[in-house]
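S.K.: Questions regarding the structure given below will be posed in turn.
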Amino acid sequence: MGAGAAATPVSYKGMEDNVKGLVLALSSSIFIGASFIVKKKGLKKAGASGLRAGFGGYSYLYEPLWWMGMTTMIVGEIANFAAYAFAPAILVTPLGAISIIISAVLAHIILEEKLHIFGILGCVLCVVGSTTIVLHAPQESGIESVKEVWDLATEPAFLLYAALVITLVLVIIFHYIPQYGQTHILFYIGVCSLVGSLSVMSVKALSIAIKLTLSGTNQLMYPQTWVFAMVVAVCVLTQMNYLNMALDTFNTAVVSPIYYVMFTSLTILASVIMFKDWDRQNPTQIITEMCGFVTILSGTFLLHKTKDMADGSKSMRLPKHADEEDGLGEEGIPLRQQDSSMRKS
């Protein structure tokens with residue numbers, strides 16, 4: 001009986017932390033979802049008077065609207081950062097699906113990127129899947145020092161994962177993006193997602209360090225804390241650069257769900273490897289969480305496919321020039337491709 005009584009406060013504390021993480025994660029999704037739209041407006045406005053971000057331009061840095069969107073995203077990321085201090089990544093990260101819904105609805109209203117009826121069903125599936133994961137998420141493991149996180153990060157399994165991610169990112173950046181970045185969305189988003197899975201693990205470590213420091217156990221004196229901080233800085237800058245390229249080149253309603261699916265899948269994988277989240281759960285809980293995640297994937301897939309249906313013959317690739325509204329000719333064929341075909345004939 002004594003053991004049961006001792007276990008109850010710990011369990012309650014873990015549940016309370018999960019609720020805090022849940023609220024912070026939901027707030028983060030609202031801000032981030034809105035930021036996609038504001039940044040897209042800023043990118044379009046900047047692209048009308050300068051070299052577009054999708055072609056290596058940085059004129060958006062002079063656009064106040066883009067900075068407004070960036071500020072909104074930063075607020076969302078701060079809330080997300082705080083969420084990782086209280087709840088496991090396997091709970092916080094999938095809740096990014098809410099940002100997809102916010103982004104899709106606002107894109108429909110503000111950017112006039114039509115949302116098909118099945119896209120609405122996709123939003124509902126995202127909510128159902130998120131709820132399933134929330135109800136069956138593991139409680140945060142008790143970590144008392146940033147050194148414990150460092151020990152987890154330097155285990156062979158996670159070091160192998162990190163090495164594979166870094167190698168793949170370098171190959172994509174230097175080989176595939178110069179050739180296919182403007183026509184294949186997966187390369188820009190792939191870099192963001194791969195780097196993002198490492199950044200979340202570092203954000204998790206850094207947020208735990210700050211949480212412990214604020215509670216009276218100083219973690220800033222450990223060099224590991226600053227290593228995690230540097231990794232976060234490098235990863236976030238890389239993500240921001242390639243996400244801007246993706247947003248400027250492709251339709252927002254396509255970028256958001258694909259980024260979410262790839263980023264969340266890789267982050268859950270990284271979290272399972274590093275923090276061993278599933279070691280604290282039984283098979284039923286794990287299977288239920290995976291079903292919830294598959295439900296979210298189904299929702300994002302619907303959002304993606306029905307966007308194509310709503311656009312009809314429009315390509316998901318955006319124009320190079322501001323005066324070419326869609327950059328498409330008849331039957332959805334890019335204008336440059338049509339011109340080339342006419343010259344050959």
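S.K.: Among the listed pairs K147/K211; K147/K204; K39/K305; K40/K114; K20/K204, give every one whose C-alpha distance is greater than 19 Å.
M.R.: Among K147/K211; K147/K204; K39/K305; K40/K114; K20/K204, the Cα-Cα distance tops 19 Å for K39/K305.
S.K.: For a quick check: with amide H placed at 1.01 Å from N, whose amide H comes under 5 Å from I143's, ignoring anything fewer than 5 positions away on the same chain?
M.R.: Those lying under 5 Å, H to H, from I143: there are none.
S.K.: How large is ³J(HN,Hα) for each residue in the range 268-279, as worked out from phi by the Karplus curve 6.51 cos²θ - 1.76 cosθ + 1.60 (θ = phi - 60°), to whole Hz, x for Gly and Pro?
M.R.: Residue by residue, the range 268-279 yields 4, 4, 5, 5, 5, 5, 7, 9, 6, 4, 6, 5 Hz.
S.K.: Starting from the amide H of F250, placed 1.01 Å from N in the peptide plane, find each other amide H under 5 Å away whose residue is 5 or more places distant or on another chain.
M.R.: Those qualifying (amide H under 5 Å, at least 5 residues apart or on another chain) are L318.
S.K.: Give me the number: length gained by fully extending A48 to D279, i.e. 0.36 nm times residue separation minus the C-alpha to C-alpha distance, one decimal in nm.
M.R.: 77.9 nm
S.K.: Okay, moving on. Considering the convex hull of the alpha carbon atoms of the range 29-108, report its projected area averaged over all viewing directions, in nm², one decimal.
M.R.: 5.7
S.K.: Mind giving me the FRET efficiency for A233 and T288? R0 is 56 Å, r the Cβ-Cβ distance, nearest 0.05 is fine.
M.R.: Efficiency, from the Cβ-Cβ distance: 0.95.
Bear in mind these aren't lab numbers, they're just calculated from the coordinates by the rules spelled out. In this text the structure is predicted, and so the values were computed from the model without any measurement. Every residue, glycine as well, gets a Cβ built from its backbone with ideal geometry; the counts of neighbours run over all protein chains shown.
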